[in-house]
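Input: a single structure, listed below in structure tokens.
We did not get these values from a lab; they are worked out from the coordinates using the rules stated. On a predicted model such as this, the values are computed, not experimentally measured, just so you know. Glycine gets a Cβ as well: all are built from the backbone with ideal geometry, and neighbour counts include every protein chain shown.
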Amino acid sequence: MKTEWNWSVETEAQRIIHCAKQIQTGFYQSQGFLVMPGQYLKINRDIVVFPELKTESIPRFWSKVGQANINDLPVSKDKELIDGIVGCLKDFKLNEPKMEKLKALWNKGQDQIIRQIETVLGRGALIKKLIIFPSNFGTSVSFNVPESFPAEIKLFLRFDQDLYSLVEGIVSSLLQNQLVLNYDASWKERELLVDWLVRDSSIGRLLKKLQPVSKIPTTTEVIQKKQYSRLKKTSDEFLKKLKVPGEFKHNLAAKKFSVYLGGNKLGDLTWKERRILMLLIQSRGEVVEQSKIAEIIFRDEQHFSLYALAKFFQRLREKLEENGIPGNIIETVRRRRYLLK
């Protein structure tokens, strides 16, 4: 398997867009992550590093990052947005992160590690190529979400991370779709499983032979510590400085078998998507049972599929985001029930 390390100011711009999308949707804030400039790493290594960008100097910055697809890398093809961020980053005098020790360690152990991951997951030939984008920004690691295998696994890996974080990104990328589509796992449930696999399974035992000690906390440890962090006030002030839009207040409305946002008709929706959105709008703030959803999507019980149901809502959320509406306004409640916030 080939591993490629790829860094440029443009890949840093992509990393910033990825983080900005998570800020804009409120994901970091709702999960207890603190978004702060890099100098705060000296105080707390658990933060999400984000530059002190003058976001107002980039036309429609927050609107444009809302269109990003964080399941794939690059996350955005918007040249104006990318060029705007690259221009701002010139003032930061960025250097390529020095990760030579980690590169050497990975080169030494990658074949053993990949074989062990595939053994634990019960499937071989999962990865055809690994592309790592070292970064000065972001969380410890972020990953793409392949839909088929063998796949290219792509990771944003922050400069201060180690072998455990790298492997966490790989395992997360391989499992994400399966855990969401087949098991309806919440974000925290997925993180708990990945933390266990990387720290305590046979994968973790192999990593300990290569790197006996990791000083990097697990994601779930980070969440628990951050909830009451004394740095939260500083993070909140920083987000205001970035001019992050407030919580998204949608005014979706259903009228004459169509869906409107602020008086503008949403296009490119299928008949089923319109029907589901209309049902959710009519039940806004209330949980809609799976049975009501299934009546619209499937012809009969014989055609019902949890996988197809999950893929339907994945596509619907993507279409909402194409219209500038955060996809997470449709919340998945346990046992495949849905709620429009």
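Across the range 172-187, computed HN-Hα scalar couplings (Karplus, 6.51 cos²θ - 1.76 cosθ + 1.60, θ = phi - 60°) run 4, 4, 5, 9, 3, 4, 4, 5, 6, 6, 8, 10, 6, 6, 6, 4 Hz from first to last residue, x flagging Gly and Pro. Given the rule -39500 (n - 2.57) for each run of at least 4 DSSP H residues, summed and divided by the residues of the chain, what is its mean residue ellipticity at 222 nm, to the nearest 500 deg cm²/dmol? Using -39500 (n - 2.57) per qualifying helix, the result is -14000 deg cm²/dmol. Maximal additional length on extending the Gln290-Lys108 stretch stands at 60.6 nm, based on 0.36 nm per residue less the C-alpha distance.
Neighbour counts of other Cβ atoms within 10 Å put Glu4, Glu100 in the fewest-to-most order Glu100, Glu4.
Residue by residue, the range 9-19 carries 3J(HN,Hα) couplings of 5, 5, 5, 5, 4, 4, 5, 5, 4, 4, 5 Hz when phi is fed to the Karplus relation 6.51 cos²θ - 1.76 cosθ + 1.60 (θ = phi - 60°); x denotes Gly or Pro.
The angle between the Cα long axis of helix 79-89 and the main principal axis of the chain comes to about 40°, on a 0 to 90 degree scale.
Rounded, prolate or oblate for the range 1-247? Axes are the square roots of the Cα gyration tensor eigenvalues, ordered a ≥ b ≥ c, and the cut-off for rounded is a/c under 1.5. Because a/c hits 1.5 or more and a/b exceeds b/c, the range 1-247 counts as prolate. Judged by the mean number of other Cβ atoms found within 10 Å, the most tightly packed of the peptides 282-293, 61-72 leads the ranking 61-72, 282-293.
What's the angle, to the nearest 10 degrees (0 to 90), between helix 232-241's Cα axis and the longest principal axis of the chain? Long axis of 232-241 versus the principal axis of the chain: about 70 degrees.
Using 25 Å as the Cα-Cα cut-off, could you pick out the over-long pairs in Lys90/Lys215; Lys77/Lys188; Lys101/Lys215; Lys42/Lys93; Lys64/Lys341; Lys2/Lys101? Before the final figure, lay out each step's value.
Details: Lys90/Lys215 32 Å; Lys77/Lys188 30 Å; Lys101/Lys215 15 Å; Lys42/Lys93 19 Å; Lys64/Lys341 22 Å; Lys2/Lys101 18 Å.
Where the Cα-Cα span goes over 25 Å, the pairs concerned are Lys90/Lys215; Lys77/Lys188.
Sorted by average packing, counted as other Cβ atoms within 10 angstrom per residue and highest first, what order do 152-162, 12-22 take? Present the calculation step by step, with values, prior to reporting the outcome.
Values: 152-162: 21.8, 12-22: 24.5.
Result, highest mean first: 12-22, 152-162.
Relative contact order of the chain: 18 percent, from C-alpha pairs under 8 Å at least 6 residues apart in sequence.
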